[in-house]
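Here's the structure we're looking at; comments come further down.
The values are calculated or read from the model by the stated rules, or taken from the named source; none is laboratory data. Values in this document were obtained by computation on a predicted structure and should not be read as measured data. Positions of Cβ are backbone-derived with ideal geometry, glycine not excepted, and every protein chain shown enters the neighbour counts. For the accessible areas, the whole protein counts, side chains as well, though only heavy atoms, and no ligand, DNA or RNA atoms are used. Shrake-Rupley method; radii C 1.70, N 1.55, O 1.52, S 1.80 Å.
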Amino acid sequence: MTNSQHLLLVGLPGAGKSTVAQLLGEALGMPVIDTDQVVEQIAGRSIAEVFSDSGEASFREFETQALRQSLAGTPAVISLGGGVLTQQINREILLGNRVVYLQVTPENAARRLGISHGRPLLQGSRDMVTKLQELHNQRHADYETAACLRVFTDGATAVEVTQDILDQLQARRNLVQVRAERVYSVIVGSGLEEVIAHRVNQLGKDVLVVHPPILRPRAQELATRISERSSGSVNLWEHADAESGKTVASAEAGWNRLGELNYGRDSVIVAFGGGATTDLAGFLAATWLRGVPVVMCPSTLLGMVDAAVGGKTGLNTPAGKNLVGSFYSPAAVFCDLRQLVTLAPEQIAAGMAEVLKCGYIRDGRILEKLDSLALENVGSILGQAGKESRAELALRELVTRAITVKAEVVGADFRESGLREILNFGHTFAHAIEKLEDYKWQHGFAVAVGMVYAMELACTLGQVERDVVSQLRLRLKALGLPTSYQGTWPDLYEAMLHDKKVRGGVLRFVMPAKEGAIHTHSVTDLAALKQAAVQVGVKLA
Ligand code: NAD
């Protein structure tokens, strides 16, 4: 699919055209036009004034003018006024264009209009439903004739409708929306540079692309794409790699760079790299002039499914990892699967541990998908990322599903007061391993063993059957992840007592309950804690 054509949305008032047009614009990197707004610009008056001053015929003339003007511009997603197609001239103008019909029942359209106009009392009002039914009878055939695609919007969210259109257009792109302190979209696809460039330029004038050394050539390419569309300045800033970049000194160097460039409130930070980059660049954005927009472009699997999505930023201090940071939502997140091709196999495996975790805590379909992929070898699938293949589709689905799990949890509990704890499945034991190994272990590897430990504990406490633990081990092995740790119990226990979930000296673990749902449990049974440790290879003394 190319963006060299306009995409036009038709349908009754209340079909969701404006919202879906915005989301399509974000996903496809296209400007969004609403012909009603163009009419008001041309007429220099509101639509209500055009109607009252000069009547419907005059409004329809302005509308035709607005349509011609919109079609003469750069390719855009164009949301059309509900009555555009009642005019023969407009139907002719639209011939050969990509028109999508958003079909809605009059009852649902009335309900949405009632809500969107802040008049809930009008919801389901007989008058409005009758009026919309009449409009439907008059216009439905024209909508159907003009459209090359039809999407039913009843009972679907705007994101679902948008995804349906993207799928039908074979755009090979997925959309997830995160509803945290700010609502933002996550786009998952391959080859997203143009879309990123479009969004970044919508957000501000001057741009700083923050990246690690290894991505310098790609960051330069991205900066070039952004500057082709920009009237401001686009600069790169390279930080020290990985954890050495997540320091206060590094943040200071970033602030200095922004200061030298004289970047003001209309600047945008683009975080292009792994989780370390998104943590550092997110922190810079949160603190520069008390907050400028950040666009996350994660380039590792872990960055995509975890670090870039939750709206948390972080720096390390000598006292520990991620002790300084802020909750700060990005303006948008773009996960370009093509970036993953150069990742080392262990980095892919580490990211997959988080994907698997999402399968266990919320979305069983991830587990089914991974089970079928394991037979085909996940490594080779990632090697093909970027090509149009079944494998890429599967990868896109897995990444999207994992992001959706995180988005749902973060949306329900942005500031980590409760539900968000389930994202820490496997993390109590994992943090202890990381600490004892002086953070030389990949986080995902530690989480893999931590999940086995939590599951063994649940099994020891009679909450899950042994075969559930065995299945988890098999899945981890298939992904190239470890399932045991050769540590000693006193060290691990001591390290776990410093976990942030500990309350009053009692360890708490995210693990399945008898009914299968995963949540946080306090565990005081020391014998069970030790037995589970032995099961993952730990020595008792
Ligand atoms: P990372 O950013 O250090 O990346 C790992 C290595 O891969 C680095 O050397 C990096 O330069 C390199 N790299 C990045 N993209 C590459 C590519 N496409 N091809 C080849 N090499 C590439 O680490 P990570 O594993 O992505 O993320 C771990 C970090 O994320 C940790 O600092 C962790 O604390 C943080 N994190 C944050 C959150 C959060 O909610 N904020 C969540 C999870 C993890």
statement: Going through (1) more than 10 Å from the ligand (Cβ to nearest atom); (2) over 16 Å from the mean Cα position of the chain (by Cα); (3) surrounded by fewer than 24 Cβ atoms within 10 Å (Cβ to Cβ) one by one, LEU337 fails only at (2)
task: Among residues belonging to the range 422-453 that are buried (at least 23 other Cβ atoms within 10 Å of the Cβ) and of a type in the set (S, T, N, Q), point out the one that is nearest to the chain's Cα centre (by Cα).
output: ASN424
statement: Given (1) closer than 24 Å to ARG98 by Cα; (2) in contact (Cβ under 8 Å) with a residue 24 or more places away in the chain; (3) small (Gly, Ala, Ser), ALA180 misses just (1)
- prompt: For the subset of the range 264-298 comprising residues that are hydroxyl-bearing (Ser, Thr, Tyr) and open to solvent by less than 10 Å² (accessible area, probe 1.4 Å), which member is farthest from the ligand (Cβ to nearest atom)?
  reply: SER267
query: Among the listed residues ARG225, ARG257, which satisfies the condition of being crowded, with 16+ Cβ neighbours inside 10 Å, more than 16 Å from the ligand (Cβ to nearest atom) and under 16 Å from GLY204 (Cα atoms)?
result: ARG225
statement: Only one of (1) open to solvent by 30 Å² or more (accessible area, probe 1.4 Å); (2) under 21 Å from GLN442 (Cβ atoms); (3) away from the ligand (no atom under 16 Å from the Cβ) does not apply to LYS369, and that is (2)
query: When you scan the range 1-88 for helices (runs of 4 or more DSSP H) that lie fully inside it, which ones turn up with 3 or more residues that are closer than 23 Å to GLN103 by Cβ and either free of Cβ contacts under 8 Å to residues at least 24 places away in the same chain or in contact with a helix residue (DSSP H, G or I) (Cβ under 7 Å, 6 or more places away or on another chain) (or both)?
result: 17-28, 47-72
statement: Those residues of the range 236-254 which are more than 10 Å from the ligand (Cβ to nearest atom) and assigned to a helix (DSSP H, G or I) amount to VAL248, ALA249, SER250, ALA251, GLU252, ALA253, GLY254
query: When VAL161 is evaluated against the numbered criteria (1) open to solvent by less than 20 Å² (accessible area, probe 1.4 Å); (2) assigned by TED's automatic domain parsing to the domain that holds SER326; (3) among the aliphatic types (A, V, I, L, M); (4) in a helix (DSSP H, G or I), which criterion, by number, is the only one it fails?
result: (2)
task: Kindly provide the set of residues from the range 88-114 that are surrounded by fewer than 18 Cβ atoms within 10 Å (Cβ to Cβ), at pLDDT 95 or above and closer than 17 Å to LEU135 by Cβ, ordered by number.
output: ARG91
